[in-house]
Amino acid sequence: TDQLSLELMAAPPTDALQRWSVERSRLDNVAIGAQQQYLAGQNPNWQQLAQAMSALAASVDTSLALRAQDPPNAQLISESIGVVNGHRTNLHQLIAVLLPTISR
């Protein structure tokens, strides 16, 4: 997910939108799985992960839509990429907390 969001932000808008239409379901599936983990174990970090995945997906939606506008608004695009990066940072923190709780 992290690498995907970086690739989408760097790709040309039409390529990014096309790839996102195929890949977005992966983020949705992780959010659903995290919510199921929360419901099974009651660890609130799983619920936060589900919310973080959904927020990341929504911010990528917004950023890609802004990049596809003609003409593009550079300031809004920059701000939207900042939001995407903020969600990525939050996701890294949650994964670091949850990783030790996963039995392999």
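The values are calculated or read from the model by the stated rules, or taken from the named source; none is laboratory data. Every value quoted in this text rests on a predicted model; they were computed, and no experiment measured them. Glycine gets a Cβ as well: all are built from the backbone with ideal geometry, and neighbour counts include every protein chain shown. These accessible areas exclude ligands, DNA and RNA; they are computed on the full protein's heavy atoms, side chains included. Shrake-Rupley method; radii C 1.70, N 1.55, O 1.52, S 1.80 Å.
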Exercise. Any idea how many residues of the range 75-104 are surrounded by 13 or more Cβ atoms within 10 Å (Cβ to Cβ) and either at positive phi or among the basic types (Lys, Arg) (or both)?
Worked result: 1
For this session: Taking only the range 66-91 into account, find how many residues are assigned to a helix (DSSP H, G or I) and either in contact with a helix residue (DSSP H, G or I) (Cβ under 7 Å, 6 or more places away or on another chain) or among the hydroxyl-bearing types (Ser, Thr, Tyr) (or both).
Result: 15
Exercise. How about the range 1-29: which of its residues are open to solvent by less than 60 Å² (accessible area, probe 1.4 Å) and β-branched (Val, Ile, Thr)?
Worked result: Thr1
Problem set entry | Residue count for the range 50-89, restricted to those that are within 13 Å of the chain's Cα centre (by Cα) and either within 28 Å of Thr14 (Cβ to Cβ) or at pLDDT below 95 (or both) | 23
Exercise. Within the range 14-21, is there a residue that is without any contact (Cβ under 8 Å) to a residue 40 or more places away in the chain, among the basic types (Lys, Arg), in a helix (DSSP H, G or I) and out of contact with any His (no Cβ under 8 Å at 6 or more places or on another chain)?
Worked result: yes
Problem set entry | Boolean, Ser63 is in contact with a helix residue (DSSP H, G or I) (Cβ under 7 Å, 6 or more places away or on another chain), among the hydroxyl-bearing types (Ser, Thr, Tyr) and either surrounded by 16 or more Cβ atoms within 10 Å (Cβ to Cβ) or farther than 17 Å from Glu79 by Cα (or both) | yes
Seminar exercise, completed: The residue from Gln37, Gln42, Gln48 that alone is in contact (Cβ under 8 Å) with a residue 24 or more places away in the chain, open to solvent by 80 Å² or more (accessible area, probe 1.4 Å) and within 17 Å of Val97 (Cα to Cα) is Gln48
